[in-house]
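Trainee: Following this message is one structure expressed as structure tokens.
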Amino acid sequence: MELISCLQPNLWASLADEVPAWVNEKRNKTSVERTLRWLDACIALDAASGRNSLGVVVGGSSIEQRKLCATEVSKRNVSGFWIGGFGLGESVEERCSLLNAVTDCLPLEKPRIVSRLGLPEEVLEGVASGIDLFDSTYIYQLTMGGFALIFPIDMVEREMQNGVFDSSAGDSAKINLRATTYRKDMSRIVDGCTCFTCQNHTRAYLNHLINVHEMLAQILLEIHNTHHYLRFFRSIREAIKAGEFDIFWKQFVENRRSQIAAAAM
Amino acid sequence: FVFCLQVLGRFNRARAARLTLPHFTCQTPLFMPVGTQGTIKGLTTDQLETIGCQIILGNTYHLELRPGSQLIDDLGGLHKFMNWKRALLTDSGGFQMVSLLHLADITEEGVTFQSPVDGKPMLLTPEESINIQNNIGADIIMALDDVVKTTITGPRIEEAMYRTLRWIDRCIAAHKKPDVQNLFGIVQGGLDPVLRDICVRGLVERNLPGYAIGGLAGGEDKDSFWRVVAQCTAGLPEDKPRYVMGVGYPLDIVVCSALGADMYDCVYPTRTARFGSALVPEGVLKLKQNAMATDERPIDPSCPCMVCKNYTRAYLHCLVTKDPMGSQLLSYHNLSFMARLSRDLHMSILEGRFPEFVRGFLRVQFPKGDVPKWVHNAMEVAGIDISECCTPTNCQHDAMEAAGVDISEFCPPTRCP
């Protein structure tokens, strides 16, 4: 809490004992009890008594523990919830039911954050379960690997892209600009993208920069990937507002499936 | 034919000029940052424009290696490839090879070296160097010269100078785009004034678009350095640009400009940035020092650049030891510093206040008045009086006092303590 008071963040998450989904029952129970004790301790030490705090919800892969923890954290004077223990290797099916179990027990009017869920599909699942904020190293990992995001953002783009893709260097979500296929590719990463990188540079130039290990490669890629990813989130918001989130989600997943199927053939 | 130099103002040998190139009209004196592999470490072309860079250097050796000059040509030239709208200059590739490659050697044919890819023996001829540079498409291209370190003595220097003259003719003959790319010759001859003179006259006979003074900035003593520059600028034509290669430190640029040079290039500002050093009027600020950890001032309170407007020394101190963004921000500031120096040189000459600018510059760099002797000597030849920037030991007071003569009424307070 001393660190927190020095840094003066707008929001802070309480110290928690996050465990992955496969720990045994006893360990899991301990993590819940400990996390709640630490939450209370943090709030007690906080000058603002928790006004800017995010209570951490743990509970591993036990629906019961998850519900218990979520209910207990809700009783504290927190301004939001940090849902921990996901993105550590649990299965997709498990995650959905656990997330729903948690959000069912949380008040509607306070924000929910989940960490380490970064893939577009994971984001959509999280949104469907009632998550508001996502943080992950997804963009960073892509950039460091030389990947650029290209998946179509909105429903119109997806219809246009359907079935037409050269998957020799990546998949329909991203391309690896390190690949030789891009050496002379004078097109933009994404046609029509309004980010600085796509407005000013070509795939060929990025291919060169990556291959000669120049810092500018990561700078330009990070700009594009961040821009593209944030546009994805904007599309999600618009779909929700228009009452079309379910269609949006379904179409996204189906589009991905048909791309992967086409590539496999 | 889009190339000319127009001198707009002078002070003795110093010139403020307009240099018109195919892609950009520049103001000289100017400093050219080095963008070795088609990029300047971590900076976007947008930022380089904002900083005020006018010409960037690309290294022919590196670009031919990756991505290859033929590919660059296929894709429309280096300007288009890296999206740089202003001017570009490429070097010949020779110097880099000799300094970077194992077993590089120079013969009459060209520079022989081991391919860094598979170790096979390869040869860079004047023709091939020009061909590669034609592919890359820079506004200014450099002749392949036989460059020797100034620390070497003996017949090798004379051999290199004459070979440079023979090679310039081969370069001229091989040049396929003289209407859009300007070939500069490079004056060699070591520290020998006789050899330098022969080389200058030989190159001037070829009536080239511009001339570089090469073979310096390699460890020779400063007194020899400025003398070679002074001799060359005196012998080179007035209406052509003079480019001192590999320079460098702000002090060197000010001195060379006073002696009549127009263009400079050096990795120093960007390289020193990567070691955590920022260029400031007083000299160098080392951001890694412990004292910087709590220093909330910008690098330079008088600097208008984005870095000085937004970041503190304390923050930069954290970055430079840990994160590539540290060197990116310092490079940005250092190049801003060099661009401002270029602009100050141009404007002060143009506006008839060049000596005042030089004195102000020296006063800030040498607040104790300990201006090096070589600068004194050079400024004397340049016709700029810098005595008021110098330590009291340079004034006659001490000598007179020892002789028992009171001359205090003649000394202004600023000159003597």
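The values are calculated or read from the model by the stated rules, or taken from the named source; none is laboratory data. Source: prediction; values computed, not measured. Note that each Cβ is placed from the backbone with ideal geometry, even for glycine, and that neighbours are counted across all protein chains shown. The area values use the complete protein model at the heavy-atom level, side chains included, leaving out ligands, DNA and RNA. Shrake-Rupley method; radii C 1.70, N 1.55, O 1.52, S 1.80 Å.
Trainee: Filter the range A:209-233 for residues that are without any contact (Cβ under 8 Å) to a residue 60 or more places away in the chain, part of a helix (DSSP H, G or I) and open to solvent by 10 Å² or more (accessible area, probe 1.4 Å); which is farthest from the other protein chains (Cβ to nearest Cβ)? Step through it out loud before you land on a result.
Mentor: Taking the range A:209-233 first, the residues without any contact (Cβ under 8 Å) to a residue 60 or more places away in the chain are A:209, A:211-216, A:219-220, A:223, A:227, A:230.
Narrowing further to those that are part of a helix (DSSP H, G or I): A:209, A:211, A:215-216, A:219-220, A:223, A:227, A:230.
Checking the rest, the ones that are also open to solvent by 10 Å² or more (accessible area, probe 1.4 Å) come to A:211, A:215, A:219, A:223, A:227, A:230.
Numbers: A:Asn211: 6, A:Met215: 4, A:Ile219: 6, A:Ile223: 9, A:His227: 14, A:Leu230: 19 Å.
So, considering only residues that are without any contact (Cβ under 8 Å) to a residue 60 or more places away in the chain, part of a helix (DSSP H, G or I) and open to solvent by 10 Å² or more (accessible area, probe 1.4 Å), the one farthest from the other protein chains (Cβ to nearest Cβ) is A:Leu230.
Trainee: If you don't mind, another one. For the range A:80-102, state whether one or more residues are among the acidic types (Asp, Glu) and modelled with pLDDT of 95 or more. Walk me through it before giving the result.
Mentor: Going through the range A:80-102, the residues among the acidic types (Asp, Glu) turn out to be A:90, A:93-94.
Filter again for modelled with pLDDT of 95 or more, leaving none.
Taking every residue of the range A:80-102 in turn, none turns out to be among the acidic types (Asp, Glu) and modelled with pLDDT of 95 or more.
Trainee: Being modelled with pLDDT of 95 or more, buried (at least 18 other Cβ atoms within 10 Å of the Cβ) and of a type in the set (Ser, Thr, Tyr) is the filter here; which residues of the range B:20-68 pass it?
Mentor: B:Thr28, B:Thr44, B:Thr45
Trainee: Let me ask something additional. Read through the list (1) under 15 Å from B:Met325 (Cα atoms); (2) out of contact with any helix residue (DSSP H, G or I) (no Cβ under 7 Å at 6 or more places or on another chain); (3) touching a residue at least 40 places away in the same chain (Cβ under 8 Å); (4) open to solvent by 50 Å² or more (accessible area, probe 1.4 Å), then give the number of the only condition that B:Arg274 fails.
Mentor: Against the list (1) under 15 Å from B:Met325 (Cα atoms); (2) out of contact with any helix residue (DSSP H, G or I) (no Cβ under 7 Å at 6 or more places or on another chain); (3) touching a residue at least 40 places away in the same chain (Cβ under 8 Å); (4) open to solvent by 50 Å² or more (accessible area, probe 1.4 Å), B:Arg274 comes up short only on (2).
Trainee: Which ones in the range A:186-208 are within 16 Å of B:Gly38 (Cβ to Cβ), part of a loop (DSSP other than H, G, I, E, B) and either open to solvent by 10 Å² or more (accessible area, probe 1.4 Å) or not assigned by the TED database to the domain that holds A:Ile153 (or both)? So that I can check it myself, show each step before the final result.
Mentor: So in the range A:186-208, the residues within 16 Å of B:Gly38 (Cβ to Cβ) come out as A:186, A:197, A:200-208.
Now restrict to residues that are part of a loop (DSSP other than H, G, I, E, B): A:186, A:201-202.
A:Met186, A:Thr202, listed by residue number.
Trainee: Would you pick out the residues in the range B:277-318 that are open to solvent by less than 30 Å² (accessible area, probe 1.4 Å) and β-branched (Val, Ile, Thr)?
Mentor: Of everything in the range B:277-318, those that are open to solvent by less than 30 Å² (accessible area, probe 1.4 Å) and β-branched (Val, Ile, Thr) turn out to be B:Val280, B:Ile299, B:Val307.
Trainee: Go through the range B:15-52 and report how many residues are more than 18 Å from A:Met215 (Cβ to Cβ) and charged (D, E, K, R).
Mentor: Summing the residues that are more than 18 Å from A:Met215 (Cβ to Cβ) and charged (D, E, K, R) in the range B:15-52 gives 3.
Trainee: Take the range B:144-164 and flag every residue that is hydrophobic (A, V, I, L, M, F, W, C) and either under 20 Å from the mean Cα position of the chain (by Cα) or surrounded by fewer than 20 Cβ atoms within 10 Å (Cβ to Cβ) (or both).
Mentor: Going through the range B:144-164, the residues hydrophobic (A, V, I, L, M, F, W, C) turn out to be B:144, B:147-148, B:152, B:157, B:160-161.
B:Leu144, B:Val147, B:Val148, B:Ile152, listed by residue number.
Trainee: Out of all the residues in the range B:72-79, is one or more under 20 Å from B:Glu127 (Cα atoms) and either away from chain A (no Cβ under 14 Å) or part of a strand (DSSP E or B) (or both)?
Mentor: First pass over the range B:72-79, keeping only residues under 20 Å from B:Glu127 (Cα atoms): B:72-74, B:77-78.
Narrowing the set further to residues that are either away from chain A (no Cβ under 14 Å) or part of a strand (DSSP E or B) (or both) leaves none.
Checking the range B:72-79: not a single residue is under 20 Å from B:Glu127 (Cα atoms) and either away from chain A (no Cβ under 14 Å) or part of a strand (DSSP E or B) (or both).
Trainee: Could you pull out the residue among B:Ile186, B:Ile130, B:Ile141, B:Ile136 that is touching a His at 6+ places or on another chain (Cβ under 6 Å) and open to solvent by less than 10 Å² (accessible area, probe 1.4 Å)? Write out each step before concluding.
Mentor: Details: B:Ile186 fails: touching a His at 6+ places or on another chain (Cβ under 6 Å); B:Ile141 fails: touching a His at 6+ places or on another chain (Cβ under 6 Å); B:Ile136 fails: touching a His at 6+ places or on another chain (Cβ under 6 Å).
Of B:Ile186, B:Ile130, B:Ile141, B:Ile136, the one residue that is touching a His at 6+ places or on another chain (Cβ under 6 Å) and open to solvent by less than 10 Å² (accessible area, probe 1.4 Å) is B:Ile130.
Trainee: Okay, next question. How many of the residues in the range A:15-26 are surrounded by 14 or more Cβ atoms within 10 Å (Cβ to Cβ), without any contact (Cβ under 8 Å) to a residue 60 or more places away in the chain and either assigned to a helix (DSSP H, G or I) or not hydrophobic (A, V, I, L, M, F, W, C) (or both)?
Mentor: Qualifying residue count, the range A:15-26: 1.
Trainee: Quick one: how many residues across the range B:343-375 are open to solvent by less than 10 Å² (accessible area, probe 1.4 Å) and modelled with pLDDT of 95 or more?
Mentor: Of the range B:343-375, the ones open to solvent by less than 10 Å² (accessible area, probe 1.4 Å) are B:345-346, B:348-349, B:354, B:358, B:362, B:369, B:375.
Add one more test, that the residue is modelled with pLDDT of 95 or more, and what stays is B:345-346, B:348-349, B:354, B:358, B:362, B:375.
Of the residues in the range B:343-375, 8 are open to solvent by less than 10 Å² (accessible area, probe 1.4 Å) and modelled with pLDDT of 95 or more.
Trainee: Something else now. Which one is farthest from A:Ile4 (Cα to Cα) among residues in the range A:45-75 that are hydrophobic (A, V, I, L, M, F, W, C), in contact with a helix residue (DSSP H, G or I) (Cβ under 9 Å, 6 or more places away or on another chain) and not in a helix (DSSP H, G or I)?
Mentor: Taking the range A:45-75 as the starting set, the residues that turn out to be hydrophobic (A, V, I, L, M, F, W, C) are A:45, A:47-48, A:54, A:56-58, A:63, A:68-70, A:73.
Add one more test, that the residue is in contact with a helix residue (DSSP H, G or I) (Cβ under 9 Å, 6 or more places away or on another chain), and what stays is A:45, A:47, A:56-58, A:63, A:68-70, A:73.
With not in a helix (DSSP H, G or I) added as a condition, the list becomes A:47, A:56-58.
Numbers: A:Ala47: 10, A:Val56: 16, A:Val57: 19, A:Val58: 21 Å.
Per the stated criteria, the residue is A:Val58.
Trainee: Now for a separate question. Given the criteria assigned by the TED database to the domain that holds A:Gln8, in a loop (DSSP other than H, G, I, E, B), touching a strand residue (DSSP E or B) at 6+ places or on another chain (Cβ under 9 Å) and at pLDDT 95 or above, does A:Ile131 qualify? Lay out the reasoning, then the answer.
Mentor: Numbers: assigned by the TED database to the domain that holds A:Gln8: yes; in a loop (DSSP other than H, G, I, E, B): yes; touching a strand residue (DSSP E or B) at 6+ places or on another chain (Cβ under 9 Å): yes; at pLDDT 95 or above: yes.
So A:Ile131 passes the test.
Trainee: Report whether or not B:Ile168 is open to solvent by 10 Å² or more (accessible area, probe 1.4 Å) and in a helix (DSSP H, G or I). Full working, then the answer.
Mentor: Working: open to solvent by 10 Å² or more (accessible area, probe 1.4 Å): no; in a helix (DSSP H, G or I): yes.
So B:Ile168 does not fit the description; no.
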